[in-house]
Amino acid sequence: MSTPFRPVHLVAHFPGVNASTVWSAPESGSQIDFASFKHFAQTAERGLFDYFFLAEGLRLREQNGELLELDVAGRPNTLSILAALAGVTEHLGLVGTLSSTFNEPVELARQLATVDALSGGRVGWNVVTSPDAFHGGNFRRGGYLPYEERYERSEEFVRLAKRLWDAAADGVSTVSHHGKHFDVNAAIRQPVSPQRYPVIVQAGDSPAGRDFASANAEVIFSRHSSPADGRAFYADVKGRLASVGRTEDSLKILPGAGFVLGDSLADAADNAERIAAQQVSAATAINTIEQLWGQALPGFDPDGPLPSFDPVQEGVIRQGQVRHFKDPKAVADQWRSQAQREGLSAHQLIIKNTARPSFIGTPHQVALGIAEAVADRQSDGFVLVPHLTPTGLDGFVDTVIPELQDLGAFRTEYTPGETLRERLGLPADPPGVGSPDAAAAAAGRLA
């Protein structure tokens, strides 16, 4: 008898502000019209997804003094979108990205609690830190926090928010907190959610980020989607939980993943190649190469070779985004070697190294790949990032979801009245709740 598959958790990531989105396709829709958000969320609910996920930036990014091509001007505020979607969905979870660096705990805790209560306990908060003075320019204080202090502030922020949510649920009228980053005497006036607290999501991958997740997060939005990386990340983070008094099931790991479907594997592979060429424009390729080389490259021809000179080690020309290349010269050497070996232009190389969907095949093959990855403990599910707005999820819901259900790896209906935390199979009490001493002890480092 074959071993039953583990339950698969699926999240629908509204596409945009990255190279996974095909902006030029005739069927590509608006990134700011509420009809796009509504269609995408209702499709995810039709597919019985766990939750809808929305990223947010605090400022439009720039490169070489110009707005970055892959950004969205006019995107509505995250909490406003989630509140509006709560009114046109019934079961779907609603998770938004909100910074712990430039928000304030009392106000943000109240805003999240409000949407959570009005939606019947369906809200989550993707906690992020904001790294630079470029973002800080949009806020009263300006400036930025050093790397270590960003996580200190974030952890103190989350612990204080949980105390505020606890106080509201317990009928406590005030909360006093005196810490390194916050000194507040809060009069509680927020509603109480059926799940008591919004689900805490986190995406950090550094050692500090992993420590933060093990102490505070209930879901990790991971970038480790390859089998080997996924298994290693899963084992590392889950292995940290026992030391802070948590069980393996109290934290779900959900990597981001793309998908391309076809009538056969060969057809899907052809579709993937065509989509990849649409995802990475010449301008995007130049932006990526300039970011690695740390300097503007005026007149650079993306249809030619990569630059022959080495990157500037400390150069940063893109404002509003962390430089992701820790060793630029090593990456440049690797790329030049690959381009020469495979006969690739600079543009072709960036396409090959940027657009890499995790699942390619027929609906059955994609469903089986997802179920096997979860069974192999590479993850607990996936955050699916389609390549089209807002219809990119439609084909997956129509064809892959039934295959997952036939495999016994995915639900066939929602449980009425279920909160997001219950649907994810998380404990009723998230980590780090209760008294300040208990929360600090759970965090370990910041008592």
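A helix-only calculation puts the chain at -11500 deg cm²/dmol for mean residue ellipticity at 222 nm, using -39500 (n - 2.57) for each DSSP H run of at least four residues, averaged over all residues.
Backbone phi angles across the stretch 58-69, fed through the Karplus curve with coefficients 6.51, -1.76 and 1.60 (θ = phi - 60°), yield HN-Hα couplings of 8, 7, 5, 6, 9, 9, 6, x, 10, 4, 5, 4 Hz in residue order; Gly and Pro are listed as x.
Around Arg210, what is the net charge, scoring Lys/Arg as +1 and Asp/Glu as -1 over all other residues with Cβ under 9 Å from its Cβ?
Details: positive: Arg240; negative: Asp205, Asp211, Asp236.
Net charge in that neighbourhood comes out at -2.
List the aspartates and glutamates whose Cα sits under 13 Å from the Cα of Lys352, skipping any in the same chain fewer than 8 residues away. The reachable aspartates and glutamates, counting only those whose Cα sits under 13 Å from Lys352, are Glu273, Glu342.
For the stretch 1-86, the pair-distance distribution built from all alpha carbon pairs, in bins 5 Å wide starting at 0, is 3, 12, 20, 21, 18, 10, 6, 5, 3, 2, 1, 0, 0 percent. Net charge in the neighbourhood of Ser24 (other residues with Cβ under 13 Å of its Cβ; Lys, Arg +1, Asp, Glu -1) is -1. Of the trypsin sites (Lys or Arg not before Pro) in the stretch 144-190, the ones in a loop by DSSP (not H, G, I, E or B) with at most 12 other beta carbons within 10 Å are Lys180, Arg189.
For Val260, the amide hydrogen comes within under 5 Å of the amide hydrogens of Phe359, Ile360, Gly361, counting only partners 5 or more places away or on other chains and with H modelled in the peptide plane.
Ratio of the stretch 205-258's C-alpha Rg to 2.2 N^0.38 Å, to two decimals? Write down the numbers at each step before the final one.
Details: Rg = 10.5 Å, N = 54, 2.2 N^0.38 = 10.0 Å.
So the stretch 205-258 has a normalised radius of gyration of 1.04.
Contour minus end-to-end for Ala375 and Asp170, with contour as 0.36 nm per residue of separation and end-to-end as the Cα-Cα distance? Each step should come with its number before you reach the end.
On the way: separation 205, 0.36 × 205 = 73.80 nm, distance 3.96 nm.
The Ala375-Asp170 span can extend by a further 69.8 nm.
Largest first and in whole Å, the equivalent-ellipsoid semi-axes of the stretch 97-221 read 24, 17, 13, each the square root of five times a Cα gyration tensor eigenvalue. Derived scalar couplings between HN and Hα for the stretch 280-295 equal 10, 6, 4, 5, 5, 4, 4, 4, 5, 5, 4, 5, 5, 6, x, 7 Hz in order, rounded to whole Hz, by the Karplus curve 6.51 cos²θ - 1.76 cosθ + 1.60 (θ = phi - 60°), x for Gly and Pro.
Taking 7 Å steps out from each Cα toward its Cβ at Ser243 and Thr415 produces label points 3.3 nm apart. The lysines within cross-link reach of Lys252, meaning a Cα-to-Cα straight distance under 29 Å and a gap of 8 or more places when in the same chain, are Lys38, Lys162, Lys238, Lys326.
Can you give the convex hull volume per residue for the Cα atoms of the stretch 274-431, as a whole number of Å³? Spell out each step's value before the answer.
On the way: hull volume 30.9 nm³, N = 158.
Value for the stretch 274-431: 196 Å³ per residue.
Under 5 Å between amide hydrogens, built in the peptide plane, is the criterion, and for Thr97 it picks out Leu54, Glu56, Asn126 among residues at least 5 positions away or on other chains.
From the P(r) of the stretch 224-298, can you give the percent of Cα pairs sitting at distances over 14 Å?
On the way: 2084 of 2775 pairs.
Percentage above 14 Å: 75.
About its Cα centre, how strong a charge dipole does the stretch 367-418 have in debye, to the nearest 20, once Lys and Arg get +1 and Asp and Glu get -1 at the Cβ?
Numbers: 2 positive and 9 negative charges, 26 e Å.
The calculation lands at about 120 debye.
Annotation: extensible slack from Ala73 through Thr399 equals 114.0 nm (criterion: 0.36 nm per residue apart, minus Cα-Cα distance). Dipole orientation for the chain: of the candidates Ile289, Leu388, Val312, Val312 has the Cα lying most toward the positive pole (charges on Cβ; Lys, Arg +1; Asp, Glu -1).
For the stretch 177-322, which whole-number percentage of the solvent-accessible area (1.4 Å probe, protein heavy atoms only) is attributable to carbon and sulfur atoms?
Working: 3330 of 6370 Å².
Looking at the stretch 177-322 in its full context, I get 52 percent from C and S.
What the chain shows is 42 Å² of accessible area per residue, with the surface traced by a 1.4 Å probe over protein heavy atoms. Remark on the stretch 1-148: ratio of C-alpha radius of gyration to 2.2 N^0.38 Å is 1.18.
The values are calculated or read from the model by the stated rules, or taken from the named source; none is laboratory data. Fair warning: this is a prediction, and the values are worked out from it, not measured in the lab. We place every Cβ from the backbone using ideal geometry, glycine too, and count neighbours over all the protein chains shown. What goes into the accessible areas is simple: the full protein's heavy atoms, side chains included, and nothing from ligands, DNA or RNA. Shrake-Rupley method; radii C 1.70, N 1.55, O 1.52, S 1.80 Å.
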